[in-house]
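Novice: Below you'll find the structure I mean.
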Amino acid sequence: QVQLVESGGGLVQAGGSLRLSCGASGQTVSIYAISWVRHAPGKEREYVAMISPSGGTAFYADSVKDRFTGSRANAKNTAYLQMNSLKHDDTAVYYCAADRNFPNRSARDYDYWGQGTQVTVSS
């Protein structure tokens, strides 16, 4: 079992920045890829970013490429999502998820999920 807890969400003005954290505990988390998925009201769940187990490779959705950066510190069992140049359309609940498969852009089929953190971007 892996437990994931997100933090760092909040209210920010358009153009601003936030950094989300995903704290992990349980099994050896470093063997799992970490994904960030967001879900906005009335929209489909959307894959945002995915970080390989080592942290050496990351993939991003086109909608966030060049604005968001995923990283991880396995020694701290923590993953991060740095979000810059935020837009109103980035408003959503952001989840981190762990999965043995990499890459996995399904936005649904992950082994473990956190509870989510709300990000609200005011226009």
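Novice: Out of the residues in region 71-93 that are open to solvent by 40 Å² or more (accessible area, probe 1.4 Å) and in a loop (DSSP other than H, G, I, E, B), state the one that is farthest from Ile31 (Cα to Cα).
Specialist: First pass over region 71-93, keeping only residues open to solvent by 40 Å² or more (accessible area, probe 1.4 Å): 71, 74-77, 82, 84-85, 87-89.
From what is left, the residues that are in a loop (DSSP other than H, G, I, E, B) are 77, 84-85, 87.
Working: Asn77: 11, Asn84: 28, Ser85: 31, Lys87: 33 Å.
If we take residues in region 71-93 being open to solvent by 40 Å² or more (accessible area, probe 1.4 Å) and in a loop (DSSP other than H, G, I, E, B), then Lys87 is farthest from Ile31 (Cα to Cα).
Novice: Please state which one of Val64, Val48 is at pLDDT 95 or above, touching a Ser or Thr at 6+ places or on another chain (Cβ under 9 Å) and β-branched (Val, Ile, Thr). So that I can check it myself, show each step before the final result.
Specialist: Numbers: Val64 fails: touching a Ser or Thr at 6+ places or on another chain (Cβ under 9 Å).
Step by step, each of Val64, Val48 is checked, and only Val48 is at pLDDT 95 or above, touching a Ser or Thr at 6+ places or on another chain (Cβ under 9 Å) and β-branched (Val, Ile, Thr).
Novice: While we're looking at this one, here's another question. List the pairs whose first member sits in region 13-26 and is under 14 Å from Ser85 (Cα atoms), whose second member is at pLDDT below 95 and among the polar types (S, T, N, Q), and whose Cβ atoms are under 8 Å apart, counting only residues at least 6 apart or on separate chains?
Specialist: Note: pairs meeting the criteria are Ala14/Ser123.
Novice: Now for a separate question. Only one residue in Phe68, Phe59 is open to solvent by 40 Å² or more (accessible area, probe 1.4 Å) and hydrophobic (A, V, I, L, M, F, W, C), so which one is that?
Specialist: On the way: Phe68 fails: open to solvent by 40 Å² or more (accessible area, probe 1.4 Å).
None of the others qualify; the one that does is Phe59.
Novice: To continue, here is another question. Quick one: how many residues across region 1-51 are assigned to a loop (DSSP other than H, G, I, E, B) and open to solvent by 30 Å² or more (accessible area, probe 1.4 Å)?
Specialist: Going residue by residue through region 1-51, those that are assigned to a loop (DSSP other than H, G, I, E, B) are 1, 8-9, 14-17, 27-28, 32, 40-45.
Now restrict to residues that are open to solvent by 30 Å² or more (accessible area, probe 1.4 Å): 1, 8-9, 14-15, 17, 27-28, 41-45.
Of the residues in region 1-51, 13 are assigned to a loop (DSSP other than H, G, I, E, B) and open to solvent by 30 Å² or more (accessible area, probe 1.4 Å).
Novice: Take the conditions over 17 Å from Leu4 (Cβ atoms), touching a strand residue (DSSP E or B) at 6+ places or on another chain (Cβ under 9 Å) and assigned to a loop (DSSP other than H, G, I, E, B) and apply them to Asp66. Does it pass?
Specialist: Spelling it out, Asp66 is indeed over 17 Å from Leu4 (Cβ atoms), touching a strand residue (DSSP E or B) at 6+ places or on another chain (Cβ under 9 Å) and assigned to a loop (DSSP other than H, G, I, E, B).
Novice: Report the residue count in region 106-123 for those that are touching a residue at least 60 places away in the same chain (Cβ under 8 Å), exposed (fewer than 14 other Cβ atoms within 10 Å of the Cβ) and assigned to a loop (DSSP other than H, G, I, E, B).
Specialist: 3
Novice: Could you list, in sequence order, all residues of region 70-114 that are more than 18 Å from His39 (Cα to Cα) and among the polar types (S, T, N, Q)?
Specialist: Residues satisfying the conditions are Ser71, Asn74, Asn77, Thr78, Asn84, Ser85, Asn101.
Novice: If you check Val93 against the conditions, is it of a type in the set (A, V, I, L, M), in contact with a helix residue (DSSP H, G or I) (Cβ under 9 Å, 6 or more places away or on another chain) and modelled with pLDDT of 95 or more?
Specialist: Working: of a type in the set (A, V, I, L, M): yes; in contact with a helix residue (DSSP H, G or I) (Cβ under 9 Å, 6 or more places away or on another chain): no; modelled with pLDDT of 95 or more: yes.
Considered against the rule, which asks whether it is of a type in the set (A, V, I, L, M), in contact with a helix residue (DSSP H, G or I) (Cβ under 9 Å, 6 or more places away or on another chain) and modelled with pLDDT of 95 or more, Val93 comes out as no.
The values are calculated or read from the model by the stated rules, or taken from the named source; none is laboratory data. A quick note: this is a predicted structure, and the numbers were derived from the prediction, not measured. Using ideal geometry, Cβ is built from the backbone for each residue, glycine included, and neighbour counts are taken over all protein chains shown. Heavy atoms of the whole protein, side chains included, go into the accessibility calculation; ligands, DNA and RNA do not. Shrake-Rupley method; radii C 1.70, N 1.55, O 1.52, S 1.80 Å.
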